[in-house]
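Chemist: Pasting a structure below so you can have a look.
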């Protein structure tokens, strides 16, 4: 009985460690990137183009820090200059507080003219904003 419980526990633990990726798609619904569960960002050819750290750090493919996302949605470059922000409602603003786009609850990504430019499936809004609007990768 204990052995069966141990095997069940080990199986559940293994399943919890399985890596799932989140899709980033363009307006034509073509996959343009994936964000893996560990924060690794891969392009459509599966090349690593960068990563998101759990602490908000944004890194390029060579692991150089290129920016950060703060808990309040502020997005900064590598020199700690504010380059934009994402508001709680999904509105994306540049450093001058101009609206440059939005990310809707259903995952639709829209530019300032409300044209759909892509979609994100299960991707954190802050990460999606960095990917689509601040060209960090």
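Every read-out reported here was derived from the displayed coordinates using simple, explicitly stated rules and does not represent laboratory data. Predicted model only: the values in this text are computed from it and were never measured. Heads up, the Cβs are rebuilt from the backbone with ideal geometry, glycines too, and the neighbour counts pull from every protein chain shown.
Chemist: Calculate, in nm to one decimal, what residue 25 and residue 115 gain on full extension: separation in residues at 0.36 nm each, minus their alpha carbon distance.
Modeler: Between residue 25 and residue 115, full extension yields 31.0 nm more.
Chemist: Ok, one more. May I ask you to work out the translational diffusion coefficient for the range 19-133 at 4 °C, viscosity 1.567 mPa s, via Stokes-Einstein with Rh from the Kirkwood sum over Cα pairs, reported in whole µm²/s?
Modeler: Taking Rh from Cα pairs, D becomes 92 µm²/s.
Chemist: Could you list 100, 58 in order of exposure, starting from the residue whose Cβ has the fewest other Cβ atoms within 10 Å?
Modeler: With the sparsest Cβ surroundings first, the list reads 100, 58.
Chemist: Further question on the same structure: Per-residue counts of other Cβ atoms within 10 Å, averaged by peptide: what ranking do you get for 25-32, 62-69, highest first?
Modeler: Final packing ranking: 62-69, 25-32.
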